[in-house]
1. Could you please find all residues in the range 165-209 being in a helix (DSSP H, G or I) and free of Cβ contacts under 8 Å to residues at least 40 places away in the same chain?
2. Please go through the range 111-129 and give me each residue that is in contact with a Lys or Arg (Cβ under 9 Å, 6 or more places away or on another chain) and part of a helix (DSSP H, G or I), ordered by number.
3. Considering the range 27-36 alone, what residues qualify as being touching a strand residue (DSSP E or B) at 6+ places or on another chain (Cβ under 9 Å), assigned to a loop (DSSP other than H, G, I, E, B) and either within 13 Å of the ligand (Cβ to nearest atom) or at pLDDT 95 or above (or both)?
4. Specify which of the listed residues (Arg16, Arg70) is more than 16 Å from the ligand (Cβ to nearest atom), at pLDDT 90 or above and of a type outside the set (A, V, I, L, M, F, W, C).
5. Does the range 210-221 contain at least one residue that is assigned to a helix (DSSP H, G or I), over 13 Å from Asp161 (Cα atoms) and within 19 Å of the chain's Cα centre (by Cα)?
6. Gly108 is checked against (1) over 12 Å from the mean Cα position of the chain (by Cα); (2) touching a residue at least 24 places away in the same chain (Cβ under 8 Å); (3) not in a strand (DSSP E or B) and fails just one. What number does that condition carry?
7. Being within 13 Å of the chain's Cα centre (by Cα) and farther than 30 Å from Ser190 by Cα narrows it down to one residue among Ala148, Ala135; which is it?
8. Name, by its number, the condition in (1) surrounded by 14 or more Cβ atoms within 10 Å (Cβ to Cβ); (2) at pLDDT below 95 that does not hold for Arg83.
Amino acid sequence: MPAQFEVYCPACHKGRLSLSNSTCGNCGFTARVEGGILDLQPQVRGEDYKASSAENLARVYEKHFWFGSRNRIILDVLKRARRLLDVRRLIDLGCGNGYVTAMLEEAGYATLGIDMHIDGLRIAEGIVGGSLICAMLEDVRLVEPVDAVCLLDVIEHLTDDRQALLQAASLVRPGGFVLVTVPALMQLWSRYDVTCGHKRRYGAKTLRDLFVECGFEPLYVSYFFMFSVLPVWLQRRLLHTGKKNAKIAGHGYTRPPHPLFNNIFRLLAAAERLLMSAGIKIPFGTSLIGLARVKYSTFIEEAN
Ligand SMILES: [Zn+2]
């Protein structure tokens, strides 16, 4: 039986809503339920997320080294968190089409996927067993806080990343965690980032400072995918300078590299993961992962 997550009514902040009870007992606001999706913003129907077919995405996720290798690193870092606290319930914030949400569920976590785009969630609904919520982050107020919130390649898209992290922390119990992955190194900034809607790439120090600024305790910050720095730099600096290559720049992760390179990268990622587990510092990489502890949760307990 999938875990049930309850949220406070976005209209009156008093009544409680869940998939099985989508009408607020206090003010009568009714969330839209679509399969496993609780839609808290039925008045907004943005179609800005250009979803490919679910099958196409699944194929890319299965094949492209980047997705599988990043998943394993995410699970490793969650294991680190579990040395300090028993992490069971977590949120995949900005879950998109639910690919990572499904992986986290499979690893045994009770996971709630939240995203503002209904199109991605419709794809997620096919692969995720638990609850999904369609809402703006600021409209989500949980009845029970979770142990960790994951923002996986999310905050680089936001103008105010600090505000997003603080809002994420309001969903976490005191002593819980915020887990973040972001694209790394501004030196790799290219047209690809613009196409993806990135506002910035991060350095290890920037991310750590951001955690501290939010009042979090940084526990672990590491680069990963070191081996892909040179290929990415070459590809994006040299090949994508011409106009005709603008379209190629947009492909990014939507198609896997040549099978030979894809397999080599997968092996290198596995080796890098071993180094990370052994505590060896990865000096740079195309991505960063950061785990921070929310010392003083801003989770608001509602008075009844
Ligand atoms: Zn209400």
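The values are calculated or read from the model by the stated rules, or taken from the named source; none is laboratory data. What you are looking at is a predicted structure, and each value in this text was computed from that prediction instead of being measured. FYI the Cβ positions are ideal-geometry reconstructions off the backbone, even for glycines, and counts take in every protein chain you see.
1. Of the residues in the range 165-209, the ones in a helix (DSSP H, G or I) are 165-169, 186-188, 191-196, 204-209.
Hits for the range 165-209 are Gln167, Met186, Asp193, Val194, Lys205, Thr206, Asp209.
2. Our first condition is that a residue be in contact with a Lys or Arg (Cβ under 9 Å, 6 or more places away or on another chain); within the range 111-129, this holds for 111-112, 118-119.
Once the filter is applied, which keeps residues that are in contact with a Lys or Arg (Cβ under 9 Å, 6 or more places away or on another chain) and part of a helix (DSSP H, G or I), the range 111-129 yields Ile118, Asp119.
3. So the first thing to find is which residues in the range 27-36 are touching a strand residue (DSSP E or B) at 6+ places or on another chain (Cβ under 9 Å), and the list is 29-36.
Cutting the leftovers down to assigned to a loop (DSSP other than H, G, I, E, B) gives us 29, 31, 35-36.
Answer for the range 27-36, where residues must be touching a strand residue (DSSP E or B) at 6+ places or on another chain (Cβ under 9 Å), assigned to a loop (DSSP other than H, G, I, E, B) and either within 13 Å of the ligand (Cβ to nearest atom) or at pLDDT 95 or above (or both): Phe29, Ala31.
4. On the way: Arg16 fails: more than 16 Å from the ligand (Cβ to nearest atom).
Checking each option against the conditions leaves just Arg70.
5. Checked the range 210-221: no residue is assigned to a helix (DSSP H, G or I), over 13 Å from Asp161 (Cα atoms) and within 19 Å of the chain's Cα centre (by Cα).
6. Going through the list (1) over 12 Å from the mean Cα position of the chain (by Cα); (2) touching a residue at least 24 places away in the same chain (Cβ under 8 Å); (3) not in a strand (DSSP E or B), Gly108 breaks only (2).
7. Numbers: Ala135 fails: within 13 Å of the chain's Cα centre (by Cα).
On inspection, the qualifying residue turns out to be Ala148.
8. All conditions pass for Arg83, except number (1).
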